[in-house]
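Accompanying notes for the structure given below.
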Amino acid sequence: MALLDRLTKLLATICMIGVGLSFATLIVVVLIQVVGRTIGSSPVWTEELTRFALLYLAAFGVGLSLRSGDLVNVDVICDNLPAPLPWLLRLISAVLSGGLALLLISHSWKFTAIGRMQTSPALGLRMTYVHFTVTLLLGLLFLFAALKVIGMLLGDDGIPLKHKEP
């Protein structure tokens, strides 16, 4: 269980850094846009980079959302059911989320590969890096869901972090 906890915390830390960098990029680029519009016109590339930063923000944040219980959860039902059912519903939710992500990963990789033939209009960035956000999102969702399922089967209660007492 200690190894599972360390792996989950490491993955969560990497994702938090990714969310932080994406958000910082978003803030800086939007600030450049606002200042640019105030003094005349903003650079064309700011619109594209803002969208790309939002995609990476979502990709890095999805696993953290699943872990905290903010992404897929059945609290409304779970809070009113007797003892073993809330745990079972959380387990089913994690299995279905991870299974769907796993099912879609190979298709998202094909989408990522299409980006080799395209570049973004303003930045000239290969779209592979942008399309990869879908694969990253699905991969992280699968990893966090798998870690949650394993943790629950090994004895974790499955209660999302936001519902646990400090």
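List of remarks:
- Within region 57-68, the residues that satisfy the criterion of being touching a Leu at 6+ places or on another chain (Cβ under 8 Å) and either buried (at least 20 other Cβ atoms within 10 Å of the Cβ) or free of Cβ contacts under 8 Å to residues at least 60 places away in the same chain (or both) are Leu57, Ala59, Phe60, Val62, Gly63, Ser65, Leu66, Arg67.
- The residue that is farthest from Thr13 (Cα to Cα), among those in region 55-74 that are at pLDDT below 85 and not acidic (Asp, Glu), is Val74.
- Members of region 75-99 found to be surrounded by 17 or more Cβ atoms within 10 Å (Cβ to Cβ) and modelled with pLDDT under 90, listed by number: Cys78, Pro86, Leu89, Arg90, Ser93
- For region 1-13, a residue qualifies if it is under 13 Å from the mean Cα position of the chain (by Cα) and in contact (Cβ under 8 Å) with a residue 40 or more places away in the chain, and the qualifying residues are Leu11, Ala12.
- Per this entry, Thr112 is counted among residues that are in contact with a His (Cβ under 6 Å, 6 or more places away or on another chain) and under 30 Å from Thr8 (Cβ atoms).
- Residue, nearest to the chain's Cα centre (by Cα), within region 107-152, restricted to residues that are loosely packed, with under 15 Cβ neighbours inside 10 Å and β-branched (Val, Ile, Thr): Ile114
- Residue that is over 16 Å from the mean Cα position of the chain (by Cα) and of a type outside the set (D, E, K, R), where the choices are Leu104, Leu81: Leu81
The values are calculated or read from the model by the stated rules, or taken from the named source; none is laboratory data. From a predicted model like this one, the values you see are computed outputs, not experimental measurements. When we count neighbours, we look across all protein chains shown, and the Cβ atoms used for this are built from the backbone with ideal geometry, even at glycine.
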